[in-house]
Amino acid sequence: MAESTTHATDVVDELTTDHREALALLDRIAASSDPGEKRDLADTVIAEVVRHSVAEEMYVYPAMRDHVPDGAKEVEHDTKEHKELEETMKQLEGVDAGDPRFDELVRTMTEQLRHHAHDEESEQFPQLRAAVPREELVRLREKVDTAKKIAPTRPHPSAPNAEMFHKLAGPGVGLVDRLRDRLTNRST
C-alpha cells in the first residue's frame, strides 16, 4: 500500500538523515583502531556522501535556486562545499588506513561535512520547506532516492557539479564505479 503524502518522508527528512548517518560513520572511523574496519567505513561513507551530493545537485539545488531567497547564491556556495568534500574524499580514498594522514583526512572531512550540514539544515532546508508544497517535497525525495541508486560511488573532483552532467553522464559513471567497487571488494 502506498504511503500517504502527509505521512511520507520528504526530501528534507531524507537529506538530514543522510547527514546524520554520514557523520556517525565518520565518528566510528575516528573511534576505531582497526585499519581494516577504518578503510571499510571510509569507503562506505565516501560512497554515501558522493551519492547524496549528486542527488542534491540533480534535484534539490534546482528547487533551492527557484524557491529559496538568494537561492542561486546558496547553491553556488553549497556546490563549492561539495567540491571541497570531493577533493578530501579523493585524497582519503588513496591513503592507507594505517597512515597518520588518513586520520587527518577523516577529521577534515568531518569538519567539512558538519559545516555543510549545518548550513543546509539551519537555513536552506527550512526555507525550502516554507516555500515548496509538501507533496512536491515528497516527490523530490522519491527522485533523490532514485538518483542515489544510479549515482557514482566514488569522488570525481574534476567532473562538473551540474544537474545536466549528472543526469546525462552520471548513470554511466555510476555503473563504472559500482563495477570497480565489485572487482575490488570495496565497501559501499
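What the table shows:
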{"quantity": "Residue count, the range 96-125 (criterion: surrounded by fewer than 17 Cβ atoms within 10 Å (Cβ to Cβ) and closer than 15 Å to V60 by Cβ)", "calculated": "3"}
{"quantity": "Residue within the range 126-145 that is within 24 Å of D66 (Cβ to Cβ), touching a Ser or Thr at 6+ places or on another chain (Cβ under 8 Å) and buried (at least 19 other Cβ atoms within 10 Å of the Cβ) present", "calculated": "yes"}
{"quantity": "Any hit, the range 46-67, residues being at pLDDT 95 or above, within 21 Å of G98 (Cα to Cα) and surrounded by 14 or more Cβ atoms within 10 Å (Cβ to Cβ)", "calculated": "yes"}
{"quantity": "Residue within the range 48-62 that is polar (S, T, N, Q) and in contact (Cβ under 8 Å) with a residue 40 or more places away in the chain present", "calculated": "yes"}
{"quantity": "Cross-chain or 6+ apart pairs with Cβ under 8 Å, the range 86-111 first and among the β-branched types (V, I, T), then at pLDDT below 95", "calculated": "none"}
{"quantity": "Qualifying positions in the range 24-43 - under 29 Å from L128 (Cα atoms) and touching a Leu at 6+ places or on another chain (Cβ under 6 Å)", "calculated": "L25"}
{"quantity": "Unique match (being touching a helix residue (DSSP H, G or I) at 6+ places or on another chain (Cβ under 8 Å) and free of Cβ contacts under 8 Å to residues at least 40 places away in the same chain) among L140, L175", "calculated": "L175"}
{"quantity": "Sole residue being at negative phi and within 14 Å of the chain's Cα centre (by Cα), chosen from S122, S53", "calculated": "S53"}
{"quantity": "Single residue of the range 26-39 satisfying the filter (farther than 28 Å from R141 by Cβ and either free of Cβ contacts under 8 Å to residues at least 24 places away in the same chain or not basic (K, R) (or both)) that is surrounded by the most Cβ atoms within 10 Å (Cβ to Cβ)", "calculated": "S32"}
{"quantity": "Members of the range 150-169 found to be under 19 Å from T44 (Cα atoms) and in contact (Cβ under 8 Å) with a residue 60 or more places away in the chain, listed by number", "calculated": "A151, P152, T153, R154, P155, H156, P157"}
{"quantity": "Subset of the range 127-158 (residues that are under 18 Å from E76 (Cα atoms) and not in a loop (DSSP other than H, G, I, E, B))", "calculated": "Q127, L128"}
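The values are calculated or read from the model by the stated rules, or taken from the named source; none is laboratory data. Computed from a predicted structure; not experimentally measured. Glycine gets a Cβ as well: all are built from the backbone with ideal geometry, and neighbour counts include every protein chain shown.
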